[in-house]
1. Return the pairs, sorted by first residue and then second, in which the second residue is modelled with pLDDT of 85 or more and part of a loop (DSSP other than H, G, I, E, B), the first residue lies in segment 72-98 and is in the same structural domain as L22 (by TED's automatic domain parsing) and hydrophobic (A, V, I, L, M, F, W, C), the beta carbons are less than 8 Å apart, and the residues are 6+ apart or on different chains.
2. Suppose we filter V41, V74 for residues that are out of contact with any strand residue (DSSP E or B) (no Cβ under 8 Å at 6 or more places or on another chain) and more than 18 Å from H218 (Cα to Cα); which single one remains?
3. Could you give me the residue pairs with C-beta distances under 7 Å whose first residue belongs to segment 214-237 and is surrounded by 11 or more Cβ atoms within 10 Å (Cβ to Cβ), whose second residue is of a type in the set (F, W, Y) wherever it lies, and which are 6+ apart or on separate chains?
4. I need the helices (runs of 4 or more DSSP H) fully contained in segment 28-86, keeping only those with at least 2 residues that are at pLDDT below 85 and among the basic types (K, R).
5. Condition first: out of contact with any Ser or Thr (no Cβ under 8 Å at 6 or more places or on another chain), surrounded by 10 or more Cβ atoms within 10 Å (Cβ to Cβ), closer than 23 Å to G225 by Cβ and in contact (Cβ under 8 Å) with a residue 12 or more places away in the chain. Can you find one or more residues in segment 28-51 that meet it?
6. Which of the residues that make up segment 153-187 are basic (K, R) and surrounded by fewer than 16 Cβ atoms within 10 Å (Cβ to Cβ)?
7. State whether one or more residues within segment 171-183 are in a helix (DSSP H, G or I), touching a Ser or Thr at 6+ places or on another chain (Cβ under 9 Å), of a type in the set (A, V, I, L, M, F, W, C) and without any contact (Cβ under 8 Å) to a residue 40 or more places away in the chain.
Amino acid sequence: MKFKLSRAIGPAAVAVVVAVALYLLERDLKAYHYRDLMRQVWVLPHSHLALAVLLTAFAYAVLPGYDAIALSYVDHPLPMRRIAFGSFIAYALSHSLGFPLLSGGPVRYRFWSVWGLSTSEIAQAISFAGATFIIGMIAVAGGVFLLEELLAGAAGAMTGFAFPEILVRIVALFRSGRIDEAADVFYRSVPLMRFEFQEGIGMAIRKEVLRRRGAIAHAGIRPPGGTLDRSSKEALDRVMKWMERAAETAWT
């Protein structure tokens, strides 16, 4: 009886996650119609659409690496086709809903348990995959530690900072041996990097900055992402004005 119950937990958890996902999608998309969405999509240049599809495919091709490393860590590697299949479904749900432990976690539990992993191994692998992601986020952290990473031997940074040209300049100066100049550009930029990397509203800040720079049309954030209230926007105004005065360059 206990064995049958334990086998039913995985499918039940996955069913609950899928049901919640469908409910949230239905709620969030209620005000939109398919024809309206497609009309807006085809307004975009075809080259932009093709690039978006290509980059999305590349991202999902890279993401299984987290799971492969985690499974190697618990000494229970699986064929790459299985890792990629489970990873795609898990990340598709977690990226759409957020809360990866509650959305992608049950999916991994379901697949990995069927493929021979014990509950202990699954728990360790999921924890390890989450830890590698967090370590990576801390390492790049919107560029906050870029100079220190370069000094420690890093080749560069992969970050979502809204001013990538600043990061490019820092790396270029550093590689050319002009470390003091790289440090000067870096430390003038840290206030905005730090402000942008706030927990919960970091993406909203980044999109608002990109909107002000003309890179995107609007800075809307899908639930459950955090949005900027008036005080946050006023704080962003102050930081950017200070940055403009410090660098003597208008970035907006």
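1. Once the first residue is in the same structural domain as L22 (by TED's automatic domain parsing) and hydrophobic (A, V, I, L, M, F, W, C) and sits in segment 72-98, its partners that are modelled with pLDDT of 85 or more and part of a loop (DSSP other than H, G, I, E, B) give V74/L117; L78/W115.
2. V74
3. L236/F195
4. 34-43
5. Within segment 28-51, one or more residues are out of contact with any Ser or Thr (no Cβ under 8 Å at 6 or more places or on another chain), surrounded by 10 or more Cβ atoms within 10 Å (Cβ to Cβ), closer than 23 Å to G225 by Cβ and in contact (Cβ under 8 Å) with a residue 12 or more places away in the chain.
6. Hits for segment 153-187 are R175, R178.
7. So far as segment 171-183 goes, yes, one or more of its residues are in a helix (DSSP H, G or I), touching a Ser or Thr at 6+ places or on another chain (Cβ under 9 Å), of a type in the set (A, V, I, L, M, F, W, C) and without any contact (Cβ under 8 Å) to a residue 40 or more places away in the chain.
The values are calculated or read from the model by the stated rules, or taken from the named source; none is laboratory data. The structure presented is a predicted model; accordingly, all values stated were derived computationally and were not measured. In this analysis, Cβ positions are derived from the backbone assuming ideal geometry, glycine residues included, and neighbour counts consider all displayed protein chains.
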